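Worksheet: one structure, shown below.
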Amino acid sequence: MKVDLGPQLDRLMAAQERCDRLRDATLRSKPRDLCDLAYANAYGGPPPFVIDAIKESLAGDRQLDFQYTPYGGATLSRRRISESLSRQQGLRFPWRNIVLTPGAMAALNIVFRAVAALDSRAEVIVLTPGWLDYPLYLVNLGLRPVLVPLHPVTMRLDLNAIADAITPQTRAIVISQPANPTGLIYSAAELRDLAALLTERGDDRIVLVSDECHRDILFDDARFVPTAPHYPATVVVYSFGKALFIQGQRIGYVAVSPQFPQADAFVTSLERLCRVMGFCTPTALMQLAVRKLLDRPLDFSHIATRRQLILDALADAAIVTQPSQATFFLYPKTPQGDDFEFAERLAKHGLLVLPAPVFHHSGHFRLSLTAPDDQIERAAGILRQVASGSAV
Ligand SMILES: Cc1ncc(COP(=O)(O)O)c(C=O)c1O
């Protein structure tokens, strides 16, 4: 029985599904030569202290620790996260404002569903290039995604384009900070200007969703800039999956700004939506484990080394790219022709990348630096060869 998800979802998923077919074909034709720089699968697994924290949590002797936890999550975990987040953001988040979810995907869904409850015909601004699934969730919930391009040259917030997209139906805007796929961090000045625009045009009705999944992965002297201090109606979305390399363990949260209008009522709605939408809470085990994993020093020097290796290869190949400040990603310009054709040419040599249409954009491709070192080294060689035309 074929279930029809509707033409809009089909269209939005087409690019990614085409990449999945390319991936399957490449896996079959080049199983040994694969360089998988498409998705952010951490081949090296999590660092040992993460595994230790999960093991220690499992070894606990309190029987109730593995039973249902309340919607919103176990109070102690919410408290610990709120303390850590408050220090990081320079804003005091009450523990109840942290609603634990099975990863950022569920967090985004309950937030968007709450927006739909505010206005069932709401429009939500999504910046492009942007994380592939935001528009899917919005369409699925009956909301209207309004795709607004980032500045075409700088890939930073384009305030004029955002201003033009705001209508009386606009109820939310979602940004990723730092941005996936560009790897850029929006500056305090950009966020201040965005907040001023939303305040001026929104009459307090526009929710700013700040997806901060990649905020820990920083390069050189880049510093993360939190969004919430700039705009009261902010909700922060976070996943522990990225920085700790435990994407499959599904734990994250929504944090509602303490300055959010009627924050308590909004938090209660999010807790209720964890039930209504069936996302429930993350596993009890991971709720225990993250308490031990907050504020640990994290080492991304191996990712930084890989980033430099690829940046050097791109420079040699005369492929234009803006160096990332954060995230696992680089987002160079497609050097010649169509994005998919270029991705297919790379795939012939075993190199998998994601072309810009996956991010509702064009003219670029994304490389993920989570592949193991040997694959990164081979990928650097393939990029040099293919761009120079010495390989077709
Ligand atoms: C910007 C962004 N938001 C959300 C997600 C989803 O995160 P999770 O897998 O923790 O649900 C991802 C995953 O790639 C992402 O890159």
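Residues of the chain: accessible area per residue at 1.4 Å, in Å²?
Ligands and nucleic acids excluded, the figure is 43 Å² per residue.
Taking a quarter of the surface of the Cα convex hull of region 48-291, what do you get in nm²?
Mean projected area of the Cα convex hull: 12.8 nm².
Can you tell me the length gained on complete extension of the stretch ALA222 to SER362, counting 0.36 nm per residue apart and subtracting the Cα distance?
Between ALA222 and SER362, full extension yields 47.7 nm more.
Suppose R0 equals 45 Å. What FRET efficiency, 1/(1 + (r/R0)^6) with r the Cβ-Cβ distance, do ALA189 and SER388 give to the nearest 0.05?
E between ALA189 and SER388, to the nearest 0.05, is 0.70.
Quick one: go through region 291-332 and flag any residue whose amide nitrogen is under 14 Å from the point 7 Å out along the Cα-to-Cβ line of PHE49.
291-301
Can you compute the FRET efficiency between ARG275 and ASP119 using 1/(1 + (r/R0)^6), with r the Cβ-Cβ distance and R0 = 25 Å? Round to the nearest 0.05.
0.70
Name all residues of region 43-81 having a backbone nitrogen under 15 Å from the label point set 7 Å from the Cα of ASP374 along its Cα→Cβ direction, giving them as ranges.
Zone members listed by number: 43-44.
I want to verify a result. In a Gaussian network model of the chain, Cα cutoff 10 Å, which of these has the top mean-square fluctuation: ALA195, ALA165, ALA116?
ALA165
Considering only protein heavy atoms and a probe of 1.4 Å, how much of the accessible area of region 48-291 is carbon and sulfur, as a whole percent?
51
Considering the zone a paramagnetic label at THR305 would reach in this model (a point 7 Å from Cα along the Cα-to-Cβ line), which residues of region 181-218 have amide N under 18 Å from it?
It comes to 218, nothing else.
Which value, in Å² rounded to 10, gives the accessible area of SER77 with a 1.4 Å probe and all protein chains present?
0
The values are calculated or read from the model by the stated rules, or taken from the named source; none is laboratory data. Just so we're clear, the structure is a prediction, and the values are computed from it rather than from any experiment. A quick note on method: Cβ atoms are made from the backbone with ideal geometry, for glycine too, and the neighbour counts reach across all protein chains shown. Note: areas computed on protein heavy atoms with side chains; ligands, DNA, RNA excluded. Shrake-Rupley method; radii C 1.70, N 1.55, O 1.52, S 1.80 Å.
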